[in-house]
Amino acid sequence: MKKIKDFMGIVVAFSIITIVTITPVYAQQKSKLTDPEIASAAVVANQNDIDFAKIARQKSKNEEVLKFAETMAKDHKAVIDQAVALVTKLKVTPKDNTLSRKLTADAANTKKMLLSKSAKSFDKAYIDNEVGYHKAVIATVETVLIPQSTNEELKGLLQNVVPALKAHLEHAEMVQKMFASK
Amino acid sequence: MRRLLKISKKGVAVLFAITCLYSCTSPEERIKKNEVAVSTKAHTVVIQQMKFAPAELIVNEGDTVTWINRDIVDHNVTEEANKEWSSSNLRQGKTWSMVVKKAATYFCTIHPVMKGKLIVKQ
Ligand SMILES: [Cu+2]
């Protein structure tokens, strides 16, 4: 009986040591993205907003909303073009990862939500989502993508995108206020 | 020989007069005049990081202002109150120039949060 207890003690002790030593390595691998993964996440984040803008073009009749959507489609396409040009130059292939897959999955839900809206409630739903989406993307770019990118040109491109994202957020909030006052 | 001497005396006098004229204007004054002459004719506004820089520009009527897009996305420069004047969309690296006839506030129609101002000296 004592032997079993001792054996259990060793097992428990060994398990604790294993957990303590393995967890940090796992956590590090999980949080640190490689440059090809960052490039993939950046392209997906921009493509999502182009997709939202396409839905707005189909469903909205509001001039300010349509103008905003046009700007989103145009600017996010310009960012993707620059990202593609850079990865081509660096001979890097964007790589699918946990973050880019999450961005795609979340966007699929958003698109479903937007498509289900009536003509009357669409504009507000679209703009509210644009405000939230830009806030989330700015946070991801500033706290994850920029600090974790190792290539200086990739880092530089991401840093150059931030002012555009912030101007988009301000623009979205401007349109959002129009709906609030109506 | 006497005539030659006379001429060269005259020459020295002229040379002296020129030297005096030149040195009578202080260097500071000459620099000042030069600066004014250059800055009142051509101005540049750089469009970068979603801003016009400088956002406020003081000019004389008739001055030329050139906007250059150094950003990663397209921009334009459009008079805000009545769209009296507008550049077409400027791609990265492209410029657009205009002779200023009167004061104006302007913006970018693609990004209405981007604004600038031209102030005309009275
Ligand atoms: Cu603009």
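The values are calculated or read from the model by the stated rules, or taken from the named source; none is laboratory data. Keep in mind the model is a prediction, meaning the values are calculated, not measured. Cβ coordinates were reconstructed from backbone atoms using ideal geometry, including for glycine residues, and neighbour counts include every protein chain displayed. Remember, those area values only see protein heavy atoms, side chains included, never the ligands or the DNA or RNA. Shrake-Rupley method; radii C 1.70, N 1.55, O 1.52, S 1.80 Å.
Per-residue surface analysis assigns residue B:50 an accessible area of about 20 Å², computed on protein heavy atoms at 1.4 Å probe radius. Looking at the stretch B:41-120 alone, DSSP beta bridges between its own residues are antiparallel in about 60 percent of cases. For residue A:66, the accessible surface of its heavy atoms amounts to roughly 60 Å² (probe 1.4 Å, protein chains only, rounded to the nearest 10). Taking 7 Å steps out from each Cα toward its Cβ at residue A:153 and residue A:109 produces label points 3.7 nm apart. Shielding by partners for peptide B:103-116, expressed as the average number of C-beta atoms from other protein chains within 10 Å of each residue's C-beta, is 3. Measuring nothing but how far apart in sequence close Cα pairs (under 8 Å, 6+ apart) lie, relative to its length, the stretch B:41-120 scores a relative contact order of 34 percent. Taking all protein chains together, A:144, A:87 sort by accessible area into A:144, A:87, largest first [probe 1.4 Å]. Figure note: A:128, A:75, A:96 ranked by solvent-accessible area, largest first, 1.4 Å probe, ligands and nucleic acids not counted: A:96, A:128, A:75. Within the shell defined by Cβ-Cβ distances under 14 Å, the residues around residue B:106 carry a net charge of +2, with Lys and Arg each +1 and Asp and Glu each -1. Rolling a 1.4 Å probe across all protein chains gives residue A:111 an accessible area of roughly 60 Å².
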